[in-house]
1. Could you work out what % of the accessible surface of segment 13-69 is carbon and sulfur, using a 1.4 angstrom probe and leaving DNA, RNA and ligands out of the count?
2. Percent of accessible area on segment 172-230 owned by carbon and sulfur, 1.4 Å probe?
3. Show that you can apply the helix-only estimate: for the chain, add -39,500 (n - 2.57) for every DSSP H stretch of four or more residues, divide by all residues, and state [θ] at 222 nm to the nearest 500.
4. Helix 117-132 versus the longest principal axis of the chain: what is the Cα-based angle in degrees, 0 to 90, to the nearest 10?
5. Compute the projected area of the convex hull of the Cα atoms of segment 68-173, averaged over all viewing directions, and report it in nm² to one decimal place.
6. Sorted by mean Cβ packing within 10 Å, highest first, what order do the peptides 123-132, 222-231, 107-116 take?
7. In terms of the ratio Rg/(2.2 N^0.38 Å) built on C-alpha atoms, what value belongs to segment 1-95?
8. Hey, rough spin-label estimate for N26 and N201, points 7 angstrom out along Cα→Cβ, what's it come to in nanometres?
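The values are calculated or read from the model by the stated rules, or taken from the named source; none is laboratory data. Computed from a prediction, not measured in an experiment: that's the story for all the values here. Glycine also receives a Cβ, built like all others from the backbone with ideal geometry; neighbour counts cover every protein chain displayed. Heads up: the accessible areas ignore ligands, DNA and RNA and are worked out on the full protein's heavy atoms, side chains in. Shrake-Rupley method; radii C 1.70, N 1.55, O 1.52, S 1.80 Å.
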Amino acid sequence: MHLRAVNVLSVASISKSLGERVLFQNLSFGLDQGQKLGLLGRNGCGKTTLLRMVAGMDSPDQGEVRLNKQIRVAYLEQDPLLGLQGAVMDAILHYDRPQSRWLREYYDLTDREHLSDEDVERMNRLHQVMEEQGLWEYQREFNRLLGELEIPDLKQDLTTLSGGQRKRVALAALMVADADLILLDEPTNHLDLHTIEWLENRLKNQKTTLLLVTHDRYFLESVCNGMYELEQGKLYYHQGNYASFLENKETREQIETADAHKAKAWLRKELE
């Protein structure tokens, strides 16, 4: 018996223009649970705009973007946390989940030199909750994540971070969010090879749905099981890895060229 795929995202007949420039018109597509798709296209064709619409940070001029109400969405921008103030911990634990709130309170209390009677009472209550909810393992996983991404200081101010450090902090937030749908815009920018390989392995092994924009063909080949190509305002779907996409794209363009020649020949004949 084949189980029906759970629909995560439905995009229906959306259009978007920037001033007088039309990015795309009447686009419709979807994502099923477990799909890991690359979104490809030339610079300026509207890939980031499309991601931002799915993330709820932008709106189409026409049409509708519908997300399954049962899922959590996490979005990694090209240059995340730029201009934001506050501590690294606030950025990592900003997703509103009970685990994040408890962990934030735990680190806040353990970081204090002196605890008041009220603080001691809060700490005892927090220990009880973490024991009941199995959150000590969550806390160990969190510390392991910080080590893997080389984030040593949770109190460091975000404004002092380099581009690469901001990217690693944003990746930590993404993993802590435990989202059902992950949206990534150029995730390998500012990252060293070791961190890129870490991210590849993490995404390949996660049971999550993924839509990503990247120019890194090796990352696409490693992580994705399908491709959407945005070309001249139209969206084409390709099943398989990046190598399959290249083959399918070449075949499609050959067919389109042959069809164009046939149309021109027919037009010549009609004109004659």
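1. The C+S portion of the solvent-accessible surface of segment 13-69 is 40 percent.
2. C and S fraction of accessible area: 45 percent.
3. Details: 9 runs with 121 residues, N = 272.
Theoretical 222 nm ellipticity from helices: -14000 deg cm²/dmol.
4. Computed tilt is about 50 degrees.
5. Its Cα hull, projected and averaged over all orientations, spans 8.2 nm².
6. Details: 123-132: 13.0, 222-231: 19.9, 107-116: 10.5.
Sorting 123-132, 222-231, 107-116 by mean packing, highest first, produces 222-231, 123-132, 107-116.
7. For segment 1-95, the normalised Cα radius of gyration comes out at 1.28.
8. 4.8
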